[in-house]
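Structure record follows, encoded as structure tokens.
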Amino acid sequence: MDKEVMIMAKVRVTQIKSKNGASKNQIACLQSLGIRRIRHSVELELTPVYKGMIEKVLHLVKVEEIN
């Protein structure tokens, strides 16, 4: 059996707005993504888990695709 290699897209996630006023779940998502403060960026592979967390905090972050 041949295994297909799935190449995940890489994205850069940058916090652009304050987490003040965000819900506890949104703050937990930012921490799980590894984002610490405004203008802090992390590079992640776009798995379904990360995609769901990014969608929860989309109003607080900027997402860019990396080639």
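In segment 25-39, which residues are within 16 Å of Arg12 (Cβ to Cβ), loosely packed, with under 14 Cβ neighbours inside 10 Å and of a type outside the set (Val, Ile, Thr)?
Gly34, Arg36, Arg37, Arg39
Taking interchain pairs and intrachain pairs at least six residues apart, which have beta carbon atoms under 6 angstrom, with the first residue in segment 25-38 and on the phi > 0 side of the Ramachandran plot and the second surrounded by 14 or more Cβ atoms within 10 Å (Cβ to Cβ)?
Gly34/Val42
Can you find even one residue in segment 50-62 that is in a strand (DSSP E or B), modelled with pLDDT of 95 or more, surrounded by 12 or more Cβ atoms within 10 Å (Cβ to Cβ) and out of contact with any Asp or Glu (no Cβ under 8 Å at 6 or more places or on another chain)?
yes
The values are calculated or read from the model by the stated rules, or taken from the named source; none is laboratory data. All values reported here derive from a predicted model rather than from experimental measurement. Backbone-built Cβ (ideal geometry, glycine too); neighbour counts: all protein chains shown.
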